[in-house]
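K.L.:
Pasting a structure below so you can have a look.
The values are calculated or read from the model by the stated rules, or taken from the named source; none is laboratory data. Note that this is a predicted model, so its numbers are computed, not measured. Ideal geometry is used to build each Cβ from the backbone, glycine not excepted, and the neighbour counts take in all protein chains shown. Remember, those area values only see protein heavy atoms, side chains included, never the ligands or the DNA or RNA. Shrake-Rupley method; radii C 1.70, N 1.55, O 1.52, S 1.80 Å.
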Amino acid sequence: GLIAVKLFQDWGTHYVDLWCGTPAQRQTVLVDTGSATTAFPCSECTLDNCGQLDSFHTDGAYRGELSTSFRKAPCSDCFLGDCSDNQCSFGVSYQEGSNWTAVESIENCYLGGLHTAPVTAKTTTTSTTNDAWDPREAPSYSFDLRFGCQTQITGDFRRQMADGIAGFNVGRFSIWNQMY
């Protein structure tokens, strides 16, 4: 079935809320129809290698260490990158000059929901309709997302309002394909 996800617009881009972790943390991600990769800054993204995240980004760095469901992909399970220093590392460069590097990670996530706070199990049970258009039902559609936990960003990625980027093309690891 279909689920409703609110599409936001700001600074010439479109973005959606991606809630990841246990407990959930919001990461706003640009909707990118030209790639299949989802990535956002993680706590390893420091001032030196990522700039002032709190000055520009909606939510700042994702804190995987605060989640009981966060894990880095082991070298035996690299899909997005290659094994380097005992972790799956990869990067993406864009035509306008921005780029980023990341560690391949896996986390339980859902799209949409409420914009201002994660939806808890208590909130979800108040809906008796099981209606996918109800934002309180969003956690019912959670899935394990394979993504890039960014450790370095440059260019526009340092100054954008959205925290990261979500690939919506037809690739195997696009966010919608992983959700499916």
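K.L.:
Arrange the peptides 95-102, 15-22 so that the one whose residues have, on average, the most other Cβ atoms within 10 Å appears first. Intermediate values should be presented prior to the final figure.
P.N.:
Working: 95-102: 15.8, 15-22: 22.5.
Ranking the peptides 95-102, 15-22 by packing returns 15-22, 95-102.
K.L.:
Can you pull the accessible area of Tyr141 for me, 1.4 Å probe, Å² to the nearest 10?
P.N.:
Tyr141 exposes around 70 Å² with every protein chain in place.
K.L.:
Let me ask something additional. Using a 1.4 Å probe on the protein heavy atoms, what percent of the accessible area of the range 28-117 belongs to carbon and sulfur? Please list the in-between numbers first.
P.N.:
On the way: 2030 of 4370 Å².
Carbon plus sulfur share of accessible area: 46 percent.
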